[in-house]
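Colleague: Can you keep this structure in mind? I'll have questions shortly.
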Amino acid sequence: MLIETFPVGLLGCNCTILADQATSDAIVIDPGGNLEFIRAALDKHALVVRAIVHTHTHIDHVGATGDLQRATGAPARIHEADRFMMDILGLQASFVGMPQPSDAMVDGDLRDDGVIQVGSIQVAVLHTPGHSPGSVCFLVRAADRSILWSGDTLFQGGIGRTDLWGGDMSSIERSIRRRLYSLDDETLVIPGHGGQTTIGEEKRTNPFVRGR
């Protein structure tokens with residue numbers, strides 16, 4: 001299993017390439033910008049993108065989606081509850097002072113408890129509303145350690161904002177407590193921004209949502 005994560009775009013969204021090296025199948029998680037960085041990483045490992053998936057559809061997580069889609073021919077997937085934000089990318093761009101990205105063709109087919117297949121790798125989808133109505137996390141249960149891509153739901157020492165389109169504080173707290181803090185403490189967390197952490201560390205120390 002190949003995992004390559006790097007910040008992209010004006011707001012430093014963590015974009016991840018997740019691939020099965022045996023088959024060269026890959027998905028790209030949250031291509032928020034810097035298409036050239038993403039393509040260089042894909043080319044370096046000779047990977048074929050089977051899907052482009054998003055933890056949510058704020059512009060800093062979808063900024064390069066349209067261009068990457070045209071470069072790879074891969075489908076782009078979001079949770080249906082976030083589709084409305086793809087329709088207001090121009091408004092989002094003006095809000096953060098970014099140029100409007102090119103249009104993407106997205107399928108709202110990321111469903112709670114669904115599975116994305118990447119070669120032999122199974123990626124579980126966890127619907128975790130709160131930062132946005134359609135926020136999701138992606139979970140891979142590996143033999144030695146599970147890995148969670150938490151988007152902007154859970155950060156190292158923080159949680160996502162709830163004052164943007166469709167955000168809700170009670171929902172994000174519920175999502176973290178019920179869906180994320182129920183995972184093994186050793187689960188590695190790769191958030192949408194900033195450094196990595198673990199579920200156990202956040203349960204013990206996160207000042208916004210402590211584990212019970």
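Colleague: Answer yes or no: is there a residue in the stretch 158-165 that is free of Cβ contacts under 8 Å to residues at least 40 places away in the same chain, within 23 Å of ASP184 (Cβ to Cβ) and surrounded by fewer than 19 Cβ atoms within 10 Å (Cβ to Cβ).
Modeller: no
Colleague: Restricting to the stretch 40-57, what's the tally of residues that are buried (at least 16 other Cβ atoms within 10 Å of the Cβ), in a strand (DSSP E or B) and out of contact with any Leu (no Cβ under 8 Å at 6 or more places or on another chain)?
Modeller: Total meeting the criteria: 2.
Colleague: To continue, here is another question. When you check LEU154 against the structure, is it crowded, with 22+ Cβ neighbours inside 10 Å and in contact (Cβ under 8 Å) with a residue 40 or more places away in the chain, yes or no? Reasoning before the result, please.
Modeller: Details: crowded, with 22+ Cβ neighbours inside 10 Å: yes; in contact (Cβ under 8 Å) with a residue 40 or more places away in the chain: yes.
Yes.
Colleague: Quick one: which residue in PHE208, PHE138, PHE155 is of a type in the set (A, V, I, L, M, F, W, C), at pLDDT 95 or above and over 24 Å from ILE78 (Cβ atoms)?
Modeller: PHE208
Colleague: Hey, another quick one. Pull up the stretch 1-39, narrow it to residues that are in a loop (DSSP other than H, G, I, E, B) and among the polar types (S, T, N, Q), then point me to the one that is surrounded by the most Cβ atoms within 10 Å (Cβ to Cβ).
Modeller: Step by step, filter the stretch 1-39, then rank; the result is ASN34.
Colleague: So, one more: Could you check how many residues of the stretch 166-199 are crowded, with 18+ Cβ neighbours inside 10 Å, outside any helix (DSSP H, G or I) and touching a residue at least 24 places away in the same chain (Cβ under 8 Å)?
Modeller: Counting residues in the stretch 166-199 that are crowded, with 18+ Cβ neighbours inside 10 Å, outside any helix (DSSP H, G or I) and touching a residue at least 24 places away in the same chain (Cβ under 8 Å) gives 11.
Colleague: Looking at (1) buried (at least 21 other Cβ atoms within 10 Å of the Cβ); (2) touching a Leu at 6+ places or on another chain (Cβ under 8 Å); (3) among the hydrophobic types (A, V, I, L, M, F, W, C), which is the only condition LEU89 fails?
Modeller: Going through the list (1) buried (at least 21 other Cβ atoms within 10 Å of the Cβ); (2) touching a Leu at 6+ places or on another chain (Cβ under 8 Å); (3) among the hydrophobic types (A, V, I, L, M, F, W, C), LEU89 breaks only (2).
Colleague: Let me ask another. Residue check: is VAL209 of a type in the set (A, V, I, L, M), in contact (Cβ under 8 Å) with a residue 40 or more places away in the chain and over 19 Å from VAL125 (Cα atoms)?
Modeller: Answer is yes for this residue.
Colleague: Still on this structure: State which residue is nearest to THR65 (Cα to Cα) when the search covers only the stretch 11-23 and only residues that are touching a helix residue (DSSP H, G or I) at 6+ places or on another chain (Cβ under 7 Å) and of a type in the set (A, V, I, L, M).
Modeller: ILE17
Condition check ((1) within 20 Å of LEU68 (Cβ to Cβ); (2) not β-branched (Val, Ile, Thr)) across all residues:
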position: GLY97; (1), (2): no, yes
position: GLN100; (1), (2): yes, yes
position: GLY108; (1), (2): yes, yes
position: ASP113; (1), (2): no, yes
position: GLY119; (1), (2): yes, yes
position: SER132; (1), (2): no, yes
position: VAL136; (1), (2): yes, no
position: ARG141; (1), (2): no, yes
position: LEU148; (1), (2): no, yes
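Per-residue answers, yes or no, for (1) at pLDDT below 95; (2) among the charged types (D, E, K, R); (3) touching a strand residue (DSSP E or B) at 6+ places or on another chain (Cβ under 6 Å); (4) surrounded by 15 or more Cβ atoms within 10 Å (Cβ to Cβ):
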{"site": "ALA81", "(1), (2), (3), (4)": "no, no, no, yes"}
{"site": "PRO101", "(1), (2), (3), (4)": "yes, no, no, yes"}
{"site": "GLY119", "(1), (2), (3), (4)": "no, no, yes, yes"}
{"site": "GLN122", "(1), (2), (3), (4)": "no, no, yes, no"}
{"site": "HIS131", "(1), (2), (3), (4)": "no, no, no, yes"}
{"site": "GLY134", "(1), (2), (3), (4)": "no, no, no, yes"}
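Colleague: Then there's this: I need every pair where a residue in the stretch 87-114 that is without any contact (Cβ under 8 Å) to a residue 24 or more places away in the chain and at negative phi has its Cβ under 7 Å from the Cβ of a residue that is in a loop (DSSP other than H, G, I, E, B) and of a type outside the set (A, V, I, L, M), sequence separation at least 6 or different chains.
Modeller: GLY90/GLN100
The values are calculated or read from the model by the stated rules, or taken from the named source; none is laboratory data. Quantities reported herein were computed from a predicted structural model and do not represent experimental measurements. Positions of Cβ are backbone-derived with ideal geometry, glycine not excepted, and every protein chain shown enters the neighbour counts.
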